[in-house]
Amino acid sequence: MSKEIVQEVLGPKAAKELWSTVYLPALPVTPQDFALGGVVPAILYMMRWGHRRGQGRFVRQHGMALAEGSKSIATVAGVASHLAEDTVHFSGFGGDVERPILGDLLLAFALENKKHAPGRDEQVQRAFPTHYFSSWIDLPEHVAHFRGVPEMIVALLARQEAGKTLARQGGKGHFAVGAGFDRNLLLSLFGAGTTVQGQADSLTSDTFVEETSVGVDQLLTVRLAQSLGEAPQKMRGESPEIPNQRPLAARAAETFHDDFNVFLRAYGPVAPRQSLLPMLESCLAVGLTGIYLSTAGMLLEWSKTCSVPAKNEGWNWPLFVDCSMSGDWDLRRLSEDYVDDLVRRLARVPVWFMCLRILDQRARWSLPKELPVSEPDPTARINYLGLLLREDATEAARDLKRDVGRDCERLAEALNDQPALQQILRNDSLHPAWRLAEALVLMIGEKQQFGRFRGHLDSCLMVNEASGIARKRRTTVRGALQDRRSIVLGNTALDYLVHRHLTKAKRGTPRAALSFADFLVILRERHGFCVDVEPPGMVVRADLLRRNREFLERRLRDLGLLVGVNDAESMKRLRPRFETKSE
């Protein structure tokens, strides 16, 4: 009913644009939950072909309907049964004992069930990126289920300076899009034994050189892709081009690019694939969490000043880390309290996004020539929208205030049975754009607004995942069930962070000694992870900070990442488990 009222007052087109959570210039993703662990195959596909992935053949080839009239799905048992029919590559797997063994191999190295469920009869939803050919396996079936995250990552890595969409062979650095395996670091590392034969844009041109020595995990992925016959098609029905849109948080985006690039160049060629992939997932979790929180922090400042903070003043939202892995009750409680406060402060994010959509919509309609472009850097556009919020700044700003004010009054009259919304829409102490944004967010509802932003944050953090950086538990607070989150750097995340910061950004530069104390400073200043220092606005006893630091030191020693000949802080130094080629 609420949506129909908004459509009647504002018009169907305007209502459809506003009835959303998305504002792509600020954050070029759809704020909603997604499976971060499955984005790498989609990234590999876009790096190879230069466009978004469309329909593939995985479900058609290996799927089956579990009941009459139901949708076809693929299961590990079904995939193993079909592959066993290939007596050239899977000779000896045709028996009743051998087929389940093949299924277990697939489940261990190549495929993952929906919701991480065990068993061979569950729906398959993810392909592990053990090899480039995982990009041939269209899981999930629709790339839109990743909410635009792979597209944003590709745009950040390609670093194309201009244009609304990424051009083939465009960009600079190690991640040129659609430029072949030689000019793209990801494709060269994950595409062992892959050559392009015939026309490069043919879906069957990728060929695996059989003489190449690869592990069983990579070979299973290659054979699974070969059973499909061709790569997935170009996306149809939607825009197939990859948007050249970077997030508002430019500093956090650069940090992510540098971390991803340096880590992959240093350890991609030397780390075993089964160790590299989890650390790469931790890299994505740390980077995407930083981008999301930095964007929210910058919009918080924008909502106060109507101006985006300068790049060198980029927001780095601090997070208190429980280094005991939830083993210490006091440290877990402190981290949960801090994240609870963070979640409450982020509850305003949907209102900020809604206000930006309202201003952007009005500017596109009435001021199209004055409105700056948003690709690839949206700073100028969002600053211009902030100027429109200053009602005395320009005549255009005064006109916008008057027009949106009229819409607020019309909507308030239509909502004659909802006095709370009427009060918001007629609150003259706020700019009409803020009033309309507040009202629309309430009308859409918490679940469809902040609930989706909260789910997106959980996905970025990879909550309760082995490679993630947070844990969530459901508990009773004041008689009500509540989800409580704490920031926890698991062993995989620590492994990644140590190896990343033991490596210099400039290739060929010898590794610098990194003390434990310096590592704590890097965690705090670069990533916002507070271990032995209380974050702003939080009071933590000195003995708890010292205990937290000791937990982290002990864990790093147990992982073989920290050595020290005595108790002197300067003698406690980090060391890697893998040596780079230059070493």
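Taking helices (runs of 4 or more DSSP H) as the structural unit, those lying wholly within segment 476-559 and holding at least 1 residues that are closer than 17 Å to GLY290 by Cβ and under 24 Å from the mean Cα position of the chain (by Cα) correspond to 491-501, 516-527. Scanning segment 364-378 for residues that are assigned to a helix (DSSP H, G or I) and either surrounded by 20 or more Cβ atoms within 10 Å (Cβ to Cβ) or without any contact (Cβ under 8 Å) to a residue 12 or more places away in the chain (or both) returns ARG364, TRP365.
Of all the residues in segment 114-133, those that are of a type in the set (A, V, I, L, M) and either closer than 16 Å to SER72 by Cα or not in a strand (DSSP E or B) (or both) number 2. Give segment 429-473 a look and list any residue that's within 14 Å of the chain's Cα centre (by Cα), buried (at least 24 other Cβ atoms within 10 Å of the Cβ) and small (Gly, Ala, Ser), or say none. Those that are within 14 Å of the chain's Cα centre (by Cα), buried (at least 24 other Cβ atoms within 10 Å of the Cβ) and small (Gly, Ala, Ser): SER459, GLY468. Which of the following residues is aromatic (Phe, Trp, Tyr), within 29 Å of ASN464 (Cα to Cα) and assigned to a helix (DSSP H, G or I): TYR338, TYR384? From the options TYR338, TYR384, the qualifying one is TYR338. Just one residue in the set ASP543, ASP567 is exposed (fewer than 11 other Cβ atoms within 10 Å of the Cβ) and modelled with pLDDT of 90 or more; that residue is ASP543. Only residues that are touching a residue at least 24 places away in the same chain (Cβ under 8 Å) and closer than 21 Å to LYS311 by Cβ were counted in segment 383-397, giving 4. Here is a check on your reading of the model: is LEU139 assigned to a helix (DSSP H, G or I), modelled with pLDDT of 90 or more and hydrophobic (A, V, I, L, M, F, W, C)? Here the answer is no, as LEU139 does not meet what is asked.
Going through (1) touching a helix residue (DSSP H, G or I) at 6+ places or on another chain (Cβ under 9 Å); (2) of a type outside the set (Phe, Trp, Tyr); (3) touching a residue at least 24 places away in the same chain (Cβ under 8 Å); (4) in a helix (DSSP H, G or I) one by one, GLY455 falls short only on (1). Restricting attention to segment 337-352, the residues being without any contact (Cβ under 8 Å) to a residue 24 or more places away in the chain and farther than 22 Å from LEU481 by Cβ number 0.
If the condition is being polar (S, T, N, Q) and either part of a helix (DSSP H, G or I) or in contact with a Gly (Cβ under 9 Å, 6 or more places away or on another chain) (or both), then segment 185-201 contributes only SER188.
Yes/no matrix, rows are residues, columns are (1) in contact with a Ser or Thr (Cβ under 9 Å, 6 or more places away or on another chain); (2) at pLDDT 95 or above; (3) more than 30 Å from ALA15 (Cα to Cα); (4) among the basic types (Lys, Arg):
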{"site": "GLY287", "(1), (2), (3), (4)": "yes, yes, yes, no"}
{"site": "TYR292", "(1), (2), (3), (4)": "no, yes, no, no"}
{"site": "ASN316", "(1), (2), (3), (4)": "yes, no, yes, no"}
{"site": "ARG344", "(1), (2), (3), (4)": "no, no, no, yes"}
{"site": "ARG357", "(1), (2), (3), (4)": "yes, yes, no, yes"}
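Per-residue answers, yes or no, for (1) surrounded by fewer than 18 Cβ atoms within 10 Å (Cβ to Cβ); (2) hydroxyl-bearing (Ser, Thr, Tyr); (3) free of Cβ contacts under 8 Å to residues at least 60 places away in the same chain; (4) in contact with a Cys (Cβ under 8 Å, 6 or more places away or on another chain):
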residue: ALA110; (1), (2), (3), (4): no, no, no, no
residue: ALA117; (1), (2), (3), (4): yes, no, yes, no
residue: ARG126; (1), (2), (3), (4): no, no, no, no
residue: MET152; (1), (2), (3), (4): no, no, no, no
residue: LEU156; (1), (2), (3), (4): no, no, no, no
residue: GLY163; (1), (2), (3), (4): yes, no, no, no
residue: PHE175; (1), (2), (3), (4): no, no, no, no
residue: GLN197; (1), (2), (3), (4): yes, no, yes, no
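When the test is whether a residue is closer than 30 Å to GLU151 by Cα, of a type in the set (D, E, K, R) and either crowded, with 16+ Cβ neighbours inside 10 Å or in contact (Cβ under 8 Å) with a residue 40 or more places away in the chain (or both), ASP407 does not pass it.
The values are calculated or read from the model by the stated rules, or taken from the named source; none is laboratory data. The shown structure was predicted, so the numbers you read here are calculated from the model rather than taken from an experiment. Methodologically, a virtual Cβ is constructed for each residue, glycine included, from the backbone with ideal geometry; neighbour enumeration extends over all protein chains shown.
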